[in-house]
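S.K.: There's a structure below that I have some questions on.
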Amino acid sequence: MKLRKVTAASAVVLSIALSATACGGGNKDNSSSSSSGGGGKIKIGIKYDQPGLGLKEPNGDFSGFDVDVATYIAGQLGYKPDQIQFVETKSADRENALSRGDVKFIVATYSITPKRKEKVDFAGPYLLAHQDLLIKKDSDITKGTDLNGKKLCSVTGSTSAQNVQQKIAPKAQLKEYSGYSECIAGLQSGAVDAVTTDDSILAGFAAQDKYKGQFKLAGLKLSNENYGVGVKKGDTELVNKINKAIEQMESSGAWEAAVKKNFGPANYQNEPAPKIGQIVQ
Ligand code: GLU
């Protein structure tokens, strides 16, 4: 898909439009033709089951910080919210979705890692999160090594699953599912003793009405997860445009507004906005 060029005049219009829509989320994933400027659709990969980050609501709306970041970036590239088609990109599918060209870019709690950079390119980072554990309120797990011998859930293709096996608790009985919502259901039923992934994701689940008061985060900061925007390997032009869009989102206050809107309800204490190109090891 060809990206439309943003002229100075349309950038002004866009920035006005974005101030009303950047934090709005709520785009439907139907494919009705766009009302604006004759532009086509842009396909963006997000998560569908991560409250506060990337969530497909029962009515078909999308919400979360990643959705707002994706919507803002698309706006800066010349796409109105109704020209966005969100596509689910699960943790294990992300590199392939970009290589195949299923989506133009991915905003899906996607940590920048050297291994992934062999297959895809990243813009950003736009958020720094940390791996943590979600456990039952009365759990006696207090540190990473307590997981050895325990049933632990994470997601296939995630950095969290890899970290547990290689560093945190190699003797944990790791169950890998395709999405975090399945892990959380397992924690509630007692099928697993803990769920591990980024604190940003776990906080969103813990705050959901149906789980309120049942779980707690261990607060361990087991890793640094630098969230980037994934693009097809070699598309440097798009990386540069997305980096500019992220900088604009941060300097305009839209980043902070999206943080408050999406992480406020879960009481997630996020790190300050990272600098483009600066990876926290
Ligand atoms: N941020 C980590 C990753 O990219 C964990 C969350 C996820 O699976 O998306 O692997």
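S.K.: Kindly evaluate ASN262 against the criterion of being closer than 30 Å to ILE135 by Cα, part of a loop (DSSP other than H, G, I, E, B) and out of contact with any Pro (no Cβ under 7 Å at 6 or more places or on another chain).
M.R.: Values: closer than 30 Å to ILE135 by Cα: yes; part of a loop (DSSP other than H, G, I, E, B): no; out of contact with any Pro (no Cβ under 7 Å at 6 or more places or on another chain): yes.
For ASN262, the condition - closer than 30 Å to ILE135 by Cα, part of a loop (DSSP other than H, G, I, E, B) and out of contact with any Pro (no Cβ under 7 Å at 6 or more places or on another chain) - is not met.
S.K.: Right, another one. Looking at the stretch 255-265, which of the residues that are surrounded by fewer than 21 Cβ atoms within 10 Å (Cβ to Cβ) and in contact (Cβ under 8 Å) with a residue 60 or more places away in the chain is farthest from GLY124 (Cα to Cα)?
M.R.: The first filter runs over the stretch 255-265 and keeps only residues surrounded by fewer than 21 Cβ atoms within 10 Å (Cβ to Cβ), leaving 256-257, 259-261, 264-265.
Still in the list and also in contact (Cβ under 8 Å) with a residue 60 or more places away in the chain: 257, 259, 261, 265.
Numbers: ALA257: 18, VAL259: 16, LYS261: 21, PRO265: 25 Å.
By that ranking, first place goes to PRO265.
S.K.: Which condition breaks for PHE122 when tested against (1) surrounded by 19 or more Cβ atoms within 10 Å (Cβ to Cβ); (2) within 15 Å of the ligand (Cβ to nearest atom); (3) over 30 Å from GLY75 (Cα atoms)?
M.R.: With (1) surrounded by 19 or more Cβ atoms within 10 Å (Cβ to Cβ); (2) within 15 Å of the ligand (Cβ to nearest atom); (3) over 30 Å from GLY75 (Cα atoms) applied to PHE122, the lone miss is (3).
S.K.: If ALA185 meets every condition in (1) touching a residue at least 24 places away in the same chain (Cβ under 8 Å); (2) closer than 23 Å to LEU152 by Cα apart from one, which number is that one?
M.R.: ALA185 satisfies all of (1) touching a residue at least 24 places away in the same chain (Cβ under 8 Å); (2) closer than 23 Å to LEU152 by Cα except (1).
S.K.: Which residue pairs have Cβ atoms closer than 9 Å, lie 6 or more positions apart in sequence or on different chains, and pair a first residue in the stretch 34-45 that is modelled with pLDDT under 50 with a second residue that is hydroxyl-bearing (Ser, Thr, Tyr) and surrounded by fewer than 19 Cβ atoms within 10 Å (Cβ to Cβ)?
M.R.: Listed pairs, sorted by first residue: GLY37/SER10.
S.K.: Let me ask you something else. Would you mind telling me which numbered condition in (1) modelled with pLDDT of 95 or more; (2) out of contact with any Asp or Glu (no Cβ under 7 Å at 6 or more places or on another chain) VAL164 fails?
M.R.: Answer for VAL164: the failing condition is (1).
S.K.: Out of curiosity, is SER200 hydroxyl-bearing (Ser, Thr, Tyr) and closer than 16 Å to PRO51 by Cβ? Give the derivation first.
M.R.: On the way: hydroxyl-bearing (Ser, Thr, Tyr): yes; closer than 16 Å to PRO51 by Cβ: yes.
It is true that SER200 is hydroxyl-bearing (Ser, Thr, Tyr) and closer than 16 Å to PRO51 by Cβ.
S.K.: Next question, about the same structure. Is it the case, given these coordinates, that LYS117 is closer than 30 Å to GLY40 by Cα, among the basic types (Lys, Arg), away from the ligand (no atom under 12 Å from the Cβ) and buried (at least 17 other Cβ atoms within 10 Å of the Cβ)?
M.R.: Values: closer than 30 Å to GLY40 by Cα: yes; among the basic types (Lys, Arg): yes; away from the ligand (no atom under 12 Å from the Cβ): yes; buried (at least 17 other Cβ atoms within 10 Å of the Cβ): no.
Considered against the rule, which asks whether it is closer than 30 Å to GLY40 by Cα, among the basic types (Lys, Arg), away from the ligand (no atom under 12 Å from the Cβ) and buried (at least 17 other Cβ atoms within 10 Å of the Cβ), LYS117 comes out as no.
S.K.: Could you check, for the stretch 237-258, whether at least one of its residues is outside any strand (DSSP E or B) and within 16 Å of the ligand (Cβ to nearest atom)? Show your work before the answer.
M.R.: Keep residues of the stretch 237-258 that are outside any strand (DSSP E or B), which gives 237-258.
When the remaining residues are screened for being within 16 Å of the ligand (Cβ to nearest atom), the result is none.
No, the stretch 237-258 contains no residue that is outside any strand (DSSP E or B) and within 16 Å of the ligand (Cβ to nearest atom).
S.K.: I would also like to ask the following. Listed residues GLY45, GLY52, GLY75, GLY60; which is of a type outside the set (Ser, Thr, Tyr) and in a strand (DSSP E or B)?
M.R.: Working: GLY52 fails: in a strand (DSSP E or B); GLY75 fails: in a strand (DSSP E or B); GLY60 fails: in a strand (DSSP E or B).
GLY45 is the lone residue from the list that is of a type outside the set (Ser, Thr, Tyr) and in a strand (DSSP E or B).
S.K.: Output yes when any residue across the stretch 147-158 is in contact with a Lys or Arg (Cβ under 7 Å, 6 or more places away or on another chain), within 14 Å of the ligand (Cβ to nearest atom) and more than 15 Å from THR197 (Cβ to Cβ), and no when none is.
M.R.: Taking every residue of the stretch 147-158 in turn, none turns out to be in contact with a Lys or Arg (Cβ under 7 Å, 6 or more places away or on another chain), within 14 Å of the ligand (Cβ to nearest atom) and more than 15 Å from THR197 (Cβ to Cβ).
S.K.: Look at the stretch 63-72 and say how many of its residues are within 16 Å of the ligand (Cβ to nearest atom) and assigned to a helix (DSSP H, G or I). Show your work before the answer.
M.R.: We begin by selecting, within the stretch 63-72, every residue within 16 Å of the ligand (Cβ to nearest atom); these are 64-67, 69-70.
Then keep just the ones that are assigned to a helix (DSSP H, G or I); that gives 65-67, 69-70.
Residues flagged as within 16 Å of the ligand (Cβ to nearest atom) and assigned to a helix (DSSP H, G or I) within the stretch 63-72 amount to 5.
S.K.: OK, next. Scanning the stretch 78-111 for residues that are assigned to a loop (DSSP other than H, G, I, E, B) and surrounded by fewer than 21 Cβ atoms within 10 Å (Cβ to Cβ), which turns out nearest to the ligand (Cβ to nearest atom)? Spell out how you get there, then give the answer.
M.R.: Pass one, the stretch 78-111, residues assigned to a loop (DSSP other than H, G, I, E, B): 78-80, 89-90, 101-104, 107-110.
With surrounded by fewer than 21 Cβ atoms within 10 Å (Cβ to Cβ) added as a condition, the list becomes 78, 80, 90, 101-102.
Working: GLY78: 28, LYS80: 27, LYS90: 8, GLY101: 21, ASP102: 17 Å.
Applying the filter and picking the extreme gives LYS90.
S.K.: Would you check if GLU247 is touching a strand residue (DSSP E or B) at 6+ places or on another chain (Cβ under 6 Å), within 18 Å of ILE106 (Cα to Cα) and surrounded by 15 or more Cβ atoms within 10 Å (Cβ to Cβ)?
M.R.: no
S.K.: Among the residues of the stretch 63-73 satisfying the criterion of being in contact with a strand residue (DSSP E or B) (Cβ under 9 Å, 6 or more places away or on another chain) and buried (at least 24 other Cβ atoms within 10 Å of the Cβ), which is farthest from ILE184 (Cα to Cα)? Working first, answer last.
M.R.: Taking the stretch 63-73 and keeping what is in contact with a strand residue (DSSP E or B) (Cβ under 9 Å, 6 or more places away or on another chain), we get 63-67, 69-71, 73.
Checking which are buried (at least 24 other Cβ atoms within 10 Å of the Cβ) leaves us with 64-67, 69-71, 73.
Numbers: GLY64: 18, PHE65: 20, ASP66: 20, VAL67: 22, VAL69: 25, ALA70: 26, THR71: 28, ILE73: 30 Å.
Within the stretch 63-73, the match that is farthest from ILE184 (Cα to Cα) is ILE73.
The values are calculated or read from the model by the stated rules, or taken from the named source; none is laboratory data. Please read all numbers here as calculations on a predicted model, not as lab measurements. Quick reminder, even Gly has a Cβ in these numbers, built from the backbone with ideal geometry, and neighbours come from all protein chains shown.
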